[in-house]
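One structure is given below, encoded as structure tokens.
The values are calculated or read from the model by the stated rules, or taken from the named source; none is laboratory data. Remember, it's a predicted structure, so these values are computed and weren't measured experimentally. Neighbour counts are summed over all protein chains in view; Cβ atoms, including those assigned to glycine, are modelled from backbone coordinates with ideal geometry.
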Amino acid sequence: MQASEPKAFSIQHSIYDGIEWITYTPQQRRFETPILMQHGMWHGAWCWQLWQELFAEWGWESHAISLPGHAGSPTQRPVYFCTLGYYLQFLKNAVQRLPCKPILMGHSMGGALLQWYFKYIDHDVPAAVLVAPWDLRGNLKDGAFLRWLRLDPLGVLLVSLLGSTRPYIRTPKQAAKKLISAKSVYTPEELHARLSPESVWACISTLRLFGLLRSR
């Protein structure tokens, strides 16, 4: 029987102040600066798994957090009332919990959240990586809304009526159509089972970044 190679990293799942943390710690750490990862709409810390494994093999410690009501984080406010400004405090708290300022990574809505963090909290970070971030100026301009409408007219109508973006990913087929490619590591059913509800106000509140809305 051939002995298996020792794992290059350890994984820790924790809950701090109602927020899920998934931490990957390399056995041989090469870099002192940690990486903090912020997921996008509907997702959770789970979506960073392959990234965290890769970075851990390279010697980076990384932390992925789930916003309230997403993945392993319990709901702290009804989803309908969750805005980007509300989520911002949890990202701020996560940064402050770490022993030193991290490299920040944000995907999709998480990329927008990072931009809010730089504008309203602190722009002095070691580095930032935006992965397919929201184009904040283009979300409601340049025909973006019409593209969303053509992609799923019923979904847009239900989102408008219910104030929740969940109808836009209401089935595995619809979720896969908008979020993954044919070569994804997740099947449509696996992806859909992991997705969380999200408020439409999280989208609308991004306009505040450019002074178009003044309240959070």
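No other residue among 104, 157 is in contact (Cβ under 8 Å) with a residue 12 or more places away in the chain, out of contact with any His (no Cβ under 9 Å at 6 or more places or on another chain) and either surrounded by 12 or more Cβ atoms within 10 Å (Cβ to Cβ) or closer than 30 Å to residue 24 by Cα (or both) apart from 104. Scanning segment 49-106 for residues that are closer than 15 Å to residue 39 by Cβ and among the hydroxyl-bearing types (Ser, Thr, Tyr) yields 62, 66, 73, 87. Residue 148 - would you say it is farther than 16 Å from residue 79 by Cβ, within 19 Å of the chain's Cα centre (by Cα), aromatic (Phe, Trp, Tyr) and modelled with pLDDT under 85? Answer is no for this residue. Restricting attention to segment 162-182 and to residues that are of a type in the set (A, V, I, L, M) and not in a helix (DSSP H, G or I), the residue that is surrounded by the fewest Cβ atoms within 10 Å (Cβ to Cβ) turns out to be 182. Exactly one residue among 67, 136 is within 27 Å of residue 52 (Cα to Cα), surrounded by 13 or more Cβ atoms within 10 Å (Cβ to Cβ), modelled with pLDDT of 90 or more and of a type outside the set (Gly, Ala, Ser), and that residue is 67.
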